[in-house]
Amino acid sequence: DGHTFGSMEIGVDMISSRNITKEFSKLGVKLIVVLVGVLGVISYFLSGFLTRSLDRLIEGADEISVQGPGLMIPVSGKDEIALVTQSFNDMSKSLAQSYQVMNETTERHKDLLDNLAERDVMKSAMLSTALDAIITIDGEGIISEYNHAAERIFGFSLEEAMGQEMAGLIVPEKYREPHREGMRKWHETGEGPVLGNRLEIEAQNKQGRVFPIELAITSLDLEGRPYFTAFIRDITERKEAEEKLVAARSEAESANQAKSRFLANMSHEIRTPLNAIVNLSALLLDTPLDPQQKKLALAANEGGVALSTLLDGILDFSKIEAGQMQLQVHTFNLHVFIQQLNALFLPLAEKTGLEFSTHVDPRVPVWVNGDETMLRQILLNLVGNALKFTPGGSVRVT
C-alpha cells in the first residue's frame, strides 16, 4: 500500500557480456570480410563488363579515325552503355553517309577542276596559235587578256599591254573619245552598237601607224563583272588587193572598150574590100565561064559571103559580152546550106590531099527555122579545125 520496507540491488555478470561481445565482434569481422569479398567479385565482373564495352567503343573510334566511318558495334541490353553504343552506331552511319556525299562531291569537283584545267590549256593554245588578235578588256576598258597575234599585229608585248587602257594603246586618237563614250553608254543602257557586229575600222600600232582592221566584239559576264572580247584582223593586204582589183578592173574595162572599138573599126575597114570581092565574083559568075572557072568563081563568092558573115559575128561580139545577143531566126534551105559548105571547103581539102564530103539524110527536112549565120560560123570553125588537124585521110560532115 505504498510503504517502504527496505532496498534491493540487482546486477549483471560482466564476464558473460564481455564474452558475448567478443563473439559478436569476431562474427562481425567475418561478415565484413565476406561482404567485402562478395562486393569485390561483383565489382570486378561489373567493371570488366563496363570496361569491355568502353574498350570496344574506343577501338571503334580508332578504326573510324583510320578507315573512315561506317563501323557498327553490336548492341546488347538496354542499359546506358547500350544506349551510348547505339548512339555511336547512329553517328558512324550518319558520318558514313556524309563521307560518301563528300567523296562524291569531291570527285565531281576534281573532274570539274580537271575539265577546267584542260579547257584552260586548250584556251591558252587557241589564243596563242590564233591568227587574229584577241584582246579582252573589263568594264573600265582595261586590258586583261592579250594573245601572241595581238603582240605581232600591234607591236606591244604582253607585259606592256596588260593593265593598260585599250583606247589609249591601240585606238587611233580620232576614235578614242567615241570609244569611251560608247563604254559610258553601255554602262548606262547595257547596249552597244558594235556588239555582235563585224566592222571595218582603223587601229594604231606601237609605231603610230594607222591601218585597217576587221573587228568583232562580244560581251560576257564573269562573277558579276562585265568583260568584252575583241577579235581583230589586220586587213591591210586585203584592202590593197581590193584597190589593185578595182584598178585592174578599170584597166580591163578600158582595154575592153578599146578592143571593141578596134574590132568595130577593123570590121568596117575589111568590109569594103570584102564587099568588092563578093560583088565582083557574083558578076563574074554571070559571065560565060567553063565549068572549072565557074567552080572556082563560085567558091570565091561563097567564101566571101562566109567571111562577111564572120565580120558580122565580130561586130556582134560586143553584144555577146553585154548579154544582149539575140538569135536571128528565119527559114532557110538546109540542103543548099550544106552544099555551099561543101563548095567552100572542097578546094582546101584537095590542096592538103584530104577527101572532103558532106551528106544530108533524106529524112532531114529541106526547109528549117534557125539562125543561118550562127550555124555557118559553128560549121566553119568545126570543119576548118578538122581539115587543119587531120594529117591524112578524109573529113566528112554528116
Matching residues in region 194-226 - criterion: being within 17 Å of Ile153 (Cβ to Cβ) and either of a type in the set (Phe, Trp, Tyr) or assigned to a loop (DSSP other than H, G, I, E, B) (or both): Asn205, Lys206, Gln207, Gly208, Arg209, Phe211
Test: residue in region 196-206 that is within 19 Å of Gly139 (Cα to Cα) and in contact with a strand residue (DSSP E or B) (Cβ under 6 Å, 6 or more places away or on another chain): no
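Tell me whether region 175-193 contains one or more residues that are closer than 28 Å to Lys239 by Cα and at pLDDT below 80.
So far as region 175-193 goes, yes, one or more of its residues are closer than 28 Å to Lys239 by Cα and at pLDDT below 80.
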Residue within region 248-264 that is at pLDDT 80 or above, open to solvent by 80 Å² or more (accessible area, probe 1.4 Å) and at negative phi present: yes
Filtered residues of region 207-220 (kept if under 26 Å from the mean Cα position of the chain (by Cα) and either in contact (Cβ under 8 Å) with a residue 24 or more places away in the chain or closer than 21 Å to Arg180 by Cβ (or both)): Pro212, Ile213, Leu215, Ala216, Ile217, Thr218, Ser219, Leu220
Selection from region 339-370 of residues that are touching a Ser or Thr at 6+ places or on another chain (Cβ under 9 Å), farther than 20 Å from Ala297 by Cβ and at pLDDT 90 or above: Leu354, Glu355, Ser357, Thr358, His359, Val360, Asp361, Trp367, Val368, Asn369, Gly370
Flag if Pro178 is farther than 19 Å from Glu145 by Cβ and surrounded by 14 or more Cβ atoms within 10 Å (Cβ to Cβ): no
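Pick from region 270-294 the residues that are charged (D, E, K, R) and surrounded by 11 or more Cβ atoms within 10 Å (Cβ to Cβ): which of them is modelled with the lowest pLDDT? Write out each step before concluding.
Restricting attention to region 270-294, the residues satisfying the condition of being charged (D, E, K, R) are 271, 286, 290, 294.
Next, from what is left, pick out any that are surrounded by 11 or more Cβ atoms within 10 Å (Cβ to Cβ): 271, 294.
Values: Arg271: 68, Lys294: 83.
By that ranking, first place goes to Arg271.
Being part of a loop (DSSP other than H, G, I, E, B), over 20 Å from Ala133 (Cβ atoms) and within 32 Å of the chain's Cα centre (by Cα) narrows it down to one residue among Glu191, Glu242; which is it? Break it down into steps so the answer makes sense when it comes.
Working: Glu242 fails: part of a loop (DSSP other than H, G, I, E, B).
Being part of a loop (DSSP other than H, G, I, E, B), over 20 Å from Ala133 (Cβ atoms) and within 32 Å of the chain's Cα centre (by Cα) holds for just one of Glu191, Glu242, which is Glu191.
Go through region 372-398 and give me each residue that's without any contact (Cβ under 8 Å) to a residue 24 or more places away in the chain, farther than 24 Å from Phe332 by Cα and either part of a strand (DSSP E or B) or open to solvent by 70 Å² or more (accessible area, probe 1.4 Å) (or both). Break it down stepwise before answering.
Restricting attention to region 372-398, the residues satisfying the condition of being without any contact (Cβ under 8 Å) to a residue 24 or more places away in the chain are 378, 381-382, 385-386, 388-389, 391.
Add one more test, that the residue is farther than 24 Å from Phe332 by Cα, and what stays is 385-386, 388-389, 391.
Once the filter is applied, which keeps residues that are without any contact (Cβ under 8 Å) to a residue 24 or more places away in the chain, farther than 24 Å from Phe332 by Cα and either part of a strand (DSSP E or B) or open to solvent by 70 Å² or more (accessible area, probe 1.4 Å) (or both), region 372-398 yields Asn385, Lys388, Phe389, Pro391.
The values are calculated or read from the model by the stated rules, or taken from the named source; none is laboratory data. On a predicted model such as this, the values are computed, not experimentally measured, just so you know. Neighbour counts are summed over all protein chains in view; Cβ atoms, including those assigned to glycine, are modelled from backbone coordinates with ideal geometry. Ligands, DNA and RNA are stripped out before the accessible areas are found, and what is left, the full protein with its side chains, is counted by its heavy atoms. Shrake-Rupley method; radii C 1.70, N 1.55, O 1.52, S 1.80 Å.
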